[in-house]
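Below is one structure, written out as structure tokens; the observations come after it.
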């Protein structure tokens, strides 16, 4: 693979890029149970690319994109990020382009024009520039209005350095529960957006009004494309209920892991469009359906049950069903290793959890992951020192050094097996608990199954009506 260019004309560093991507995957794999990547085939490999992504999970968004895109991107990041000294080596190694905004008070270090010029040169060299066009990380249930910087950089690159075959690729980041350890994440690569000839021509003219119109038009197209991938909601409650409805539709086939995030995301987009139509045409019916889904959602969350367990019964994905016995055996065999891993890592984990809970929702996982680079090694060193001193007191100095070094190695080596043990143990516990709560024809099982069937039937009826409306509108 051709080494990716760096901003400022610096020589490529393929080994550094490879290490950052590997380390990013390793770190994210420790926090998220599964990260789905969809649409890799859509990403251009032979031309300059601007990546546009939604931004709701602070620095974690950048880590996911850096680690899982087919090519190594260079981010356009606010210059204020360099104020966090521990991040500076990572930012510089990754080739992040500092964005000097007027409101940040960095006029003595650079101007916005300097940032745009550096970004244009990177694209002229055939590189990948990643931008969060909303401007800030947030915790809103919809995409914020986009800033015009991405469109301006694209048009400026094409008019001053073109033709470059520049392509803009929207990327949607979806998190099942972005601040929860061992949850799931999705990186979806959308269809590329090519620059319109009329926009390029207008921007290349000497008319300031024409240039502004071209930037506005392209920004609008980019917002529509990104917004279509991340359907907005009026509130997080609405977002949760739509996600629950999508999950109910997605759990069509028995699967102990439940529907994947991508399939749920696709269904959510369809439900969102239909929901807006039904809400306008049949508000009373919509409100009744919403009430039923909310009631079903509360029942599941209060009992700790999953929708697929209600849909297919615990026998379809039971902890000791076919395919689960091997998992149970593996969990038992991993128990000694996991107990050692928990002894070495449980305290720093709770310290990070306590620290992150004081932060905004969009920054909790960032604190858990990036602060972990310092908290975990600190506790490992303290534990190794304590064990080494005790070993030296009962033996000699060499014994102390060996025991201390072995402690650090064990802390590193037991990490992955401990996570596997915890994932498997959680799955077994969830299924065993469901078997107890839904045993036989219990009242709870009958009520939840009836609720679910009634909601599914109403969703199917509304879906058919919306499909008929769309066909009639097209005809």
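Here, each number is a calculation from the coordinates, and none is a lab measurement. Values in this document were obtained by computation on a predicted structure and should not be read as measured data. Note: ideal-geometry Cβ built from the backbone for every residue, glycine included; neighbour counts use all protein chains shown.
Please say if segment 212-293 is rounded, prolate or oblate, where rounded means a/c under 1.5 for a ≥ b ≥ c the square roots of the C-alpha gyration tensor eigenvalues, and otherwise the choice is prolate for a/b larger than b/c and oblate otherwise?
oblate
Could you give the length gained on full extension between residue 390 and residue 22, defined as 0.36 nm per residue of separation minus the Cα-Cα distance, in nm?
Values: separation 368, 0.36 × 368 = 132.48 nm, distance 3.67 nm.
That pair, residue 390 and residue 22, stretches by 128.8 nm at full extension.
Can you sort 180, 6 by how many other beta carbons sit within 10 Å, fewest first?
Values: 180 15, 6 20.
Starting with the residue having the fewest Cβ neighbours, the order is 180, 6.
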Shape call for segment 10-61, from the Cα gyration tensor axes a ≥ b ≥ c (a/c under 1.5 means rounded, otherwise prolate when a/b beats b/c, else oblate), comes out oblate
Taking R0 as 30 Å, what's the FRET efficiency between residue 197 and residue 37 from their Cβ-Cβ distance, rounded to 0.05?
0.40
With 10 angstrom as the radius, rank 297, 83 by how many other C-beta atoms surround their C-beta, starting from the fewest.
83, 297
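With viscosity set to 0.890 mPa s and temperature to 25 °C, compute the Stokes-Einstein D of segment 154-224, Rh being the Kirkwood radius across alpha carbon pairs; µm²/s, no decimals.
Numbers: Rh = 14.1 Å.
This corresponds to a translational diffusion coefficient of 173 µm²/s.
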Just rank 354, 248, fewest to most, by other beta-carbon atoms within 10 angstrom.
354, 248
So for the chain, what are the equivalent ellipsoid semi-axes in whole Å, largest first, each being the square root of 5 times an eigenvalue of the Cα gyration tensor?
40, 37, 17
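Given Cα positions, please report Rg to Rh for segment 325-437, the hydrodynamic radius being the Kirkwood one. Before the final figure, lay out the partial values.
Numbers: Rg = 17.4 Å, Rh = 16.0 Å.
Radius of gyration relative to Kirkwood radius: 1.09.
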Global form of segment 49-128, assessed from the alpha-carbon gyration tensor, a/c cut-off 1.5
oblate
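With viscosity set to 0.692 mPa s at 37 °C, what whole-number translational diffusion coefficient in µm²/s follows for segment 170-320 from Stokes-Einstein and a Kirkwood radius over Cα pairs? It would help to have the intermediate numbers written out before the result.
On the way: Rh = 18.3 Å.
Calculated translational D: 179 µm²/s.
Relative to the present Cα-Cα distance, how much length would full extension add between residue 446 and residue 409 at 0.36 nm per residue of separation?
Using 0.36 nm per residue and subtracting the Cα-Cα distance, I get 8.2 nm.
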Expected-Rg normalisation [2.2 N^0.38 Å, Cα atoms] applied to segment 7-229
0.99
Measure off 7 Å from each Cα along the Cα-to-Cβ vector at residue 437 and residue 335, then give the distance between these two points in nanometres to one decimal.
2.5
Rough spin-label spacing in nm, given labels placed 7 Å along Cα→Cβ, for residue 284 and residue 176:
4.0
When the C-alpha atoms of segment 192-236 are aligned to their principal axes, what extent does each axis show, in angstrom, from largest down?
45, 21, 8
